[in-house]
1. With just the Cα atoms defining each centre, how far is the stretch 441-496 from the stretch 311-387? Give it in Å.
2. Give me the percent relative contact order of the stretch 161-212, please, defined on Cα pairs under 8 angstrom at least 6 residues apart.
3. Select from the stretch 316-361 those chymotrypsin sites (Phe, Trp or Tyr not before Pro) which occupy a DSSP coil region and have at most 13 other Cβ atoms within 10 Å, ordered by residue number.
4. Given a 1.4 Å probe, how much area per residue of the stretch 196-332 is accessible, in Å²?
5. With a cap of 12 neighbouring Cβ atoms within 10 Å, and only residues DSSP puts in a loop, list the trypsin sites (Lys or Arg not before Pro) found in the stretch 1-65.
6. Return the Rg/Rh ratio of the chain with Cα-based radii and a Kirkwood Rh.
7. How much length, in nm to one decimal, is gained on full extension between Arg21 and Ala33, taken as 0.36 nm per residue of separation minus their Cα-Cα distance?
8. Considering only protein heavy atoms and a 1.4 Å probe, what is the carbon-and-sulfur percentage of the accessible area of the chain?
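The values are calculated or read from the model by the stated rules, or taken from the named source; none is laboratory data. This one's a predicted model, so the numbers in the text were calculated from it and none came from an experiment. Counting neighbours? That spans all protein chains shown, and the Cβs are built from the backbone with ideal geometry, glycine included. Only protein heavy atoms, including side chains, enter the accessible area calculation; ligands, DNA and RNA are left aside. Shrake-Rupley method; radii C 1.70, N 1.55, O 1.52, S 1.80 Å.
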Amino acid sequence: MTRKPTRDNDPYEYMAGFGNRFQSEVIPGTLPAGQNNPQEPRFGLYTEGLTYSAFTAPRNANFSTYMYRVRPAAAHNGYRNDCEHKSDIENCFLTLNPKVTTFAGQAEWAPFHLPKEDERLDFVDGLHTLGGSGDPNLREGIALYVFMINADMDHRAYCNADGDFLIVAQLGILDLQTEMGMLFLQPGEVCVIPRGVRFTIRLGPEHNVARGYIVEIWGSRWELPDLGPLGGHGLANPRDFLHPVAHIDENLHEDWEIVNKANGQYSVIEQGHSPFDLVAWHGNVIPYKYDLTKFASQNATSIDHTDPSVNCVLTAPSKDPVTPLADFLWFGPRWDVASNTFRPPYFHRNSATEFLACLYGSGLGRSEEFLPGGGSIEVSHTPHGNFSDDYVHEMRNQVNDPRRILENQMTIMVESSRSFLFTEYARTGCGTFKAQGPDPKVWDALPDKFSAYPNIKEILSQVKADKEALKKQLEAYYDDKTLAEMARGQRESLVR
């Protein structure tokens with residue numbers, strides 16, 4: 001709890017809200033009044049538009065930003081396709097692609113390896129695709145990444161032309177510079193970089209390594225979930241989302257390269273000026289960040305276990321109006337209370353693919369190897385459920401008192417309606433993959449108590465006999481002869 005909208009060590013200013021059209025300027029009076037494209041913008045700037053949607057999209061789905069910058073992005077020295085990098089990027093998740101495959105069952109990754117001290121990896125080199133579904137060229141689908149870096153992007157910017165990046169900080173502080181301004185991202189915080197917006201990632205002060213996760217969506221956009229009967233407030237509140245204010249580089253005329261990702265392929269733009277030269281901007285295609293510790297959780301307070309959808313921070317719709325492409329969920333400290341209820345998650349086979357990752361603390365993993373910086377996944381309809389000593393204890397001890405759970409930890413889950421395919425990096429290249437579920441011996445602690453129940457065989461035999469008797473009794477109503485005999489018997493009984 002804090003009086004500030006940010007953590008104490010965050011050095012930047014922000015604008016609060018979600019789904020708004022914002023505006024910001026370095027020099028007051030730079031934004032043109034009453035129009036978007038004046039004949040000559042103030043201070044000799046150039047107008048540049050960034051569109052995210054079709055020009056004719058409905059107003060509620062129309063996204064664009066006007067930028068007023070020192071040099072237009074079109075002023076560059078051309079594209080190069082020989083971008084050298086050490087990353088593992090794959091964006092075609094169709095069954096015809098031999099480089100990706102599915103696997104049945106559960107899978108787990110120990111913490112992904114951090115860069116070695118003798119190698120320099122910035123964001124471009126330290127980004128690796130784990131899996132996904134769909135293809136950005138089809139404008140439909142999702143991809144899941146991890147990144148491990150130990151170096152700043154030096155005069156190097158990144159532009160994702162495929163989809164939106166939702167970046168999750170797990171280890172270390174990330175100092176992000178975007179075209180619209182600065183973002184300070186710490187463990188337990190997330191940010192979204194919209195498609196087409198250029199950005200640079202540097203390590204925060206006194207940090208020499210960082211690790212995190214990225215969820216990329218194609219053909220969709222992150223939204224706040226509807227609250228239904230919760231009312232107007234709760235879960236992730238709009239006022240807690242923070243957008244950057246305009247910021248301009250001090251040194252504008254230096255050599256830069258822009259690394260573009262389009263259809264999962266890298267190309268490079270070289271230019272002699274900074275891409276971060278916006279003096280003013282206005283619009284609704286803007287990066288933003290959110291601190292997961294601000295999540296206003298809801299829970300069951302009477303009976304039964306609430307579905308995890310109640311922990312949804314952001315959702316991305318799909319072409320199916322009742323099924324999202326992806327949900328981004330929060331699991332953090334909260335009160336837990338219910339009467340006559342088994343409170344841990346029940347065993348389940350969900351239609352969604354679920355990726356679970358612990359940011360810090362003990363997390364919600366299903367094994368002792370589930371540590372911060374790793375992850376686990378269950379593809380659609382894989383039977384699974386958390387199992388531990390606490391699980392066994394909960395079965396044997398009915399406690400209705402309120403209790404605090406998940407203290408000093410933060411776990412996130414990416415839930416998608418799509419069935420994932422996985423890259424070679426995820427299966428073998430990362431060196432932390434464990435393609436199996438729990439040791440079968442753990443289930444010895446959950447014996448078949450039904451078969452050992454007293455007289456259960458006699459009970460089942462009696463149930464079977466009762467069903468046969470009921471069946472024979474009901475069959476009489478379908479036989480006219482038997483029904484007539486029953487009626488005649490009743491009449492003779494009344495006469496006597």
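1. Result: 43 Å between the Cα centres.
2. Numbers: 108 pairs, mean separation 24.6, N = 52.
Computed value for the stretch 161-212: 47 percent relative contact order.
3. Of the chymotrypsin sites (Phe, Trp or Tyr not before Pro), the ones in loops of the stretch 316-361 whose Cβ has at most 13 other Cβ atoms within 10 Å are Phe342, Tyr346, Phe347.
4. Numbers: 5330 Å² over 137 residues.
Result: 39 Å² per residue.
5. Numbers: sites: Arg3, Arg7, Arg21, Arg42, Arg59; in loops: Arg3, Arg7, Arg21.
Within the stretch 1-65, the qualifying trypsin sites (Lys or Arg not before Pro) (loop, at most 12 other Cβ atoms within 10 Å) are Arg3.
6. Working: Rg = 28.7 Å, Rh = 25.7 Å.
Computed over Cα atoms, the ratio is 1.12.
7. Details: separation 12, 0.36 × 12 = 4.32 nm, distance 1.52 nm.
Result: 2.8 nm gained on full extension.
8. Working: 12880 of 25550 Å².
The C+S portion of the solvent-accessible surface of the chain is 50 percent.
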